[in-house]
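Structure record follows, encoded as structure tokens.
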Amino acid sequence: MFEWVIIGGGVHGCSVATRLLLQEKTRKEDVVIIDPHDHPMEKWKTLTSKVGMKYLRSSSVHHLHPDPYNLRKYKKQKEYTKGFVGRYDRPMLEMFNNHCEDMFHAVDLKSCWEKGKVRGLWKLNDVWKIQLDDGEEMIAENVVLAVGATEYPSIPAWAEGLKRKPVHVFSHDTFQKEGEVAVIGGGMSAVHLAASLAETSEKPVHLIKRHPFRIKDFDSDPGWLGPKYLNKFNESTCYIKRRDMIRHARNKGSITRDLHIKANRLEKKKMLTVHTGEIEKVEDKGMEIQLSLDCCTIEVNECIFATGSEQKLPLWLKETICQADLPCAPCGFPIPDKNLAWASGLFVTGPLAELEIGPAARNIAGARKVAERISAL
């Protein structure tokens, strides 16, 4: 039996595991991280790499180490000349990833790794039973659900007119870069990807978005990380109201000012064409896709969707909710306590912790908050 089983080896799962080990709250022999990929944070690295991200949106104090200033110390120690940019000191992605890797190496996180997919989770008296797709079973005193927000990519309804399978940034490792490409979406991933393709492709690149660029420094106001806004959030005992607060607080589909400047520069150089409008009709002609907007019609060879994800729980987790009688809000998401416990020995992080942590729960800052609370038990 293990003391801790963490389901998900992305930023959130690795944040909890690393915090527990760095603060010697448990031994590495007593921790297992279950993830379908080969290495810690592999999906994070794949996604940020393929969209061409160079710097994070978060600030210098948001990383996986317990000491908020540790990344600054790391920059100085490793002599990164361009480790941070902008007035909020946004970290270089490469430096952030290397910082994580060095921490993982320090606690030997790879020895805790179990490649696999969870098929079921059941409450058995005072412990939890986890079953993997290959039939392997584990028993744990504590389970952390670090299920990410990219499992169910959101595809617009008009994409049903495509004969080919839609290509989404969350579900494909590589993109076809031959011919003209249209990136669908107006948020960070979409604009990062469109800009990256425009800088490397010899063919025209189109960015199609439904709304004007929304310029925001962060995807929620920094006041949501402290009492400025969280006091009112925590005072509300109505989870419908809490969900509404989260929905209104998140700057969905927004981009940073730096990225906006970059997109404008590429557009002026005619390396990127930006279209703002609704797609009213799509016709898949085999080698070409004709997209009819309310403002123009374009033909491309490939559409790449960067349109976010749907708010869904994994099917196996829905069965756990029924079996263990776990409390859920009207939106279907967990109602955990202050310690992020959904039930005795069952903890949540990431999107599953939103109704307790608030709008920043999905971010690196949210991962820090959750890791701090769980490791303090």
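The values are calculated or read from the model by the stated rules, or taken from the named source; none is laboratory data. Keep in mind it's a predicted model, so treat the numbers as computed, not measured. Cβ sites come from the backbone with ideal geometry, for glycine too, and all protein chains shown count toward neighbours. The accessibility values were calculated without ligands, DNA or RNA, using every heavy atom of the protein model including side chains. Shrake-Rupley method; radii C 1.70, N 1.55, O 1.52, S 1.80 Å.
For a quick protection proxy, order the peptides 125-136, 196-207, 3-14 by their average other-Cβ count within 10 Å, most packed first.
Values: 125-136: 13.8, 196-207: 18.3, 3-14: 25.4.
Highest mean packing first, the order is 3-14, 196-207, 125-136.
Taking Cα atoms, how many degrees apart are the long axis of helix 93-107 and the longest axis of the chain, rounded to 10 and kept between 0 and 90?
20
Cα-Cα over 30 Å: which of Lys75/Lys312; Lys50/Lys73; Lys262/Lys312?
On the way: Lys75/Lys312 38 Å; Lys50/Lys73 28 Å; Lys262/Lys312 33 Å.
Over 30 Å apart, Cα to Cα: Lys75/Lys312; Lys262/Lys312.
Mind scanning Lys203/Lys270; Lys43/Lys203; Lys232/Lys338; Lys25/Lys117 and naming the pairs with a C-alpha gap bigger than 19 Å?
Lys43/Lys203; Lys25/Lys117
Ignoring ligands, DNA and RNA, please state the percent of accessible area on segment 105-183 from carbon and sulfur, probe 1.4 Å.
Carbon and sulfur together cover 46 percent of it.
What number comes out for accessible area per residue over the chain if the probe is 1.4 Å? Units Å², please.
48
Could you state the angle between the C-alpha long axis of helix 188-200 and the longest principal axis of the C-alpha atoms of the chain, as a value from 0 to 90 degrees rounded to the nearest 10?
Result, in degrees: 50.
Helix 239-249 sits at what angle to the longest principal axis of the chain, using alpha carbons and giving 0 to 90 degrees rounded to 10?
40
Give the aspartates and glutamates reachable from Lys82 as a straight Cα distance under 12 Å; neighbours fewer than 8 places away on the same chain don't count.
Partners found: Glu94.
Put Glu235, Glu160, Glu372 in order of accessible area, largest first, 1.4 Å probe: what do you get?
Ranking Glu235, Glu160, Glu372 by accessible area, largest first, yields Glu160, Glu235, Glu372.
For Kirkwood radius over Cα pairs in Å, which listed value, [x] 22.0; [y] 23.3; [z] 21.4, comes from the coordinates shown?
The listed entry that was calculated here is [x].
Ordering Ser375, Ser171 by accessible area with a probe of 1.4 Å, largest first, what comes out?
Putting Ser375, Ser171 in descending order of accessible area: Ser171, Ser375.
Between Asn301 and Lys78, what length in nm is gained on full extension when 0.36 nm per residue of separation is reduced by their alpha carbon distance?
Between Asn301 and Lys78, full extension yields 76.0 nm more.
In percent, what relative contact order does the chain have, based on Cα pairs under 8 Å that are 6 or more apart in sequence? Before the final figure, lay out the partial values.
Numbers: 726 pairs, mean separation 82.1, N = 377.
Reported as a whole number, the value is 22 percent.
Lys/Arg Cβ at +1, Asp/Glu Cβ at -1, dipole of segment 150-295 taken about the Cα centre: which of Ile246, His260, Ser236 is farthest positive-ward?
Of the candidates, Ser236 comes out farthest on the positive side.
Under 5 Å between amide hydrogens, which residues at least 5 positions from Leu272 or on another chain qualify, with H placed 1.01 Å from N in the peptide plane?
Close amide H contacts, sequence-distant or interchain: Glu267.
Return the lysines within reach of Lys78: Cα separation strictly under 19 angstrom, same-chain partners fewer than 8 residues apart disregarded; answer none if there are no such residues.
Lys54
Which value, in debye to the nearest 20, gives the size of the charge dipole of the chain about its Cα centre, when Lys and Arg are +1 and Asp and Glu are -1 at the Cβ?
In debye, rounded to 20, the chain gives about 1520.
Output the antiparallel fraction of DSSP beta bridges having both residues in the chain, as a percent to the nearest 5.
Details: 26 of 58 bridges.
Around 45 percent antiparallel, to the nearest 5.
Rank these residues by their accessible area, most exposed first, probe 1.4 Å: Arg362, Arg243.
The residues order as Arg362, Arg243, largest area first.
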